[in-house]
1. Classify the stretch 23-82 as rounded, prolate or oblate, taking a ≥ b ≥ c as the square roots of the eigenvalues of its Cα gyration tensor: rounded when a/c is under 1.5, otherwise prolate if a/b is larger than b/c and oblate if not.
2. Please give me the summed charge of the neighbours of Asp100: other residues whose Cβ is under 10 Å from its Cβ, Lys and Arg +1, Asp and Glu -1.
3. Can you list the equivalent-ellipsoid semi-axes of the stretch 43-122, largest first and in whole Å, using the square root of 5 times each Cα gyration tensor eigenvalue?
4. Using Cα-only point scatterers and the Debye equation, what is log10 of I(q)/I(0) for the stretch 147-214 at each q in 0.19 Å⁻¹, rounded to two decimals?
5. Please turn the phi angles of the stretch 225-234 into ³J(HN,Hα) values with the Karplus equation 6.51 cos²θ - 1.76 cosθ + 1.60 (θ = phi - 60°), one per residue in order, whole Hz, x for glycine and proline.
6. I'd like the Karplus ³J(HN,Hα) series for the stretch 241-257: coefficients 6.51, -1.76, 1.60, θ = phi - 60°, whole numbers in Hz, and an x wherever there's a Gly or Pro.
7. Could you work out the relative contact order of the stretch 15-126, using alpha carbon pairs under 8 angstrom and six or more residues apart, expressed as a whole percent?
8. Strictly over 25 Å apart at the Cα level, which of Lys277/Lys322; Lys150/Lys277; Lys267/Lys326; Lys221/Lys267; Lys141/Lys267 would you flag in this model?
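The values are calculated or read from the model by the stated rules, or taken from the named source; none is laboratory data. Quick caveat, the model's predicted, so the values are computed rather than measured. Because the Cβ atoms are built from the backbone with ideal geometry, glycine has one as well, and the counts that use them run over all protein chains shown. Just the protein is used for accessible areas: all its heavy atoms, side chains included, with ligands, DNA and RNA removed. Shrake-Rupley method; radii C 1.70, N 1.55, O 1.52, S 1.80 Å.
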Amino acid sequence: MCTANQPLVHPSGQRDAVVAPIMPTAYWVSQGIPEPTAYGMERFQLQLVERKFIYGHVIYIEPPTSNVEAIPHHDLLLPHWRRYLKNLAERGRAKSFFVDRFELHTSVLDVVVPSLMPMHLNELGLCRCRIDREGLLLILKYMSQNSTLKRLLLNENRFEDLDVAEAYALAIKNHPSMEELCISHCMLGVNDHLLREILEGCNRLKVLRLNGNDIGTECIKHIGTFLAGNPNLTTLRLDNNILSDDDAVEITAALKTNTNLKYLYLKGNDFSEAGKKEMTTAVFDATGLSSIAASNHNCEIVYDTPVVTSTLNEKYWSTNRKVRSKIILALYGIDNETDVVQYFRDFPLELIPNVLQLIQREIDLLKQHDASMSAKNEPPQLLGRMFDFIRVWNLPWLFENGGRQSAQDVTAMDVDD
């Protein structure tokens, strides 16, 4: 173990590479720091000197032991940060830079941000770093000057000032390549105005992660307005917030006008089965054929447990295929209080064989995706459902005229489109 005042020569062996001393575990313990954290601080200094944390084009700096909540800031660590970041800047090949569970005091970010400037990063993640207002503004400076940045992660850092939120919104809005913003567990739900300001700049993002922000009714109205405006967003994570059935209407209304969102994550909220059903009507309104066709066919809502419409979000399925499958689900009686069979009453009789063939084919395919369908709908129920479907037509007319249709009168249904 190194002593507190022992100078360390860089592994290169160069005498001019002498850096600050490694402060041992005993020193940090004497400063009132718990022993596991103190040991982590000693190891961290050594790892910086040895130029660890480099994985190809990815820099990932995290505490050396998993039982440490976070490495606190101390001015004695600054020389090691400086040396490490200087070498990193000279190396200049990093594409991703992540720091997790280190307290990044403004004095550290004063070193980090200038060192990152020469690098054309695609990803920057500073999570669980207890970054204050001035630190957030320093990060913003880097983001504004790096045109290649695509992904920014600031999870578990507090956004407490409205002007900081406004500045981030403007920078994200004007950024030429930003695609993903991760600000989970940042307590944005405490002040809905903060979330509203940030959303103002997110129209061009593809992914927005807002997990664990205590987002509730006061905030969901801003999210509803944002989604209803049909931004470019394809993934929105709202897991582990405090949303409830009262917020389902706002989400449902937004999804009915949004055509870009593909995944909406709502795990870990307080929705009842009734609330989930309310939102599911946005993507599968089985009250009639027209309502099914008018449903949102792009978005999958992800709850704690799968719903039947989860089987319809195959990546390569066309919209027509999804619409057809939803009609089959409705005919099959899945999650449906209104019997849509009645809407087929006026279909031409000659289409019966094709429609029945389509029903059986689609049900077989859907069962492959959702084993629960097979479990709760046995073959006798399927046959009964088919009979219900057939009898809406004029059966006496069918038996009287079924054999008189000429080949050219029969309209074929293309079941592959």
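1. Prolate, since a/c reaches 1.5 and a/b exceeds b/c.
2. 0
3. 19, 14, 12
4. Calculated log10 I(q)/I(0) at the listed q: -0.66.
5. Once θ is set to phi - 60°, the couplings for the stretch 225-234 become 4, 4, 5, 5, x, 6, x, 6, 3, 10 Hz.
6. 10, 10, 6, 9, 4, 4, 9, 5, 4, 4, 5, 4, 4, 5, 5, 6, 10
7. Numbers: 139 pairs, mean separation 28.5, N = 112.
That works out to 25 percent.
8. Distance filter (> 25 Å) returns Lys150/Lys277; Lys141/Lys267.
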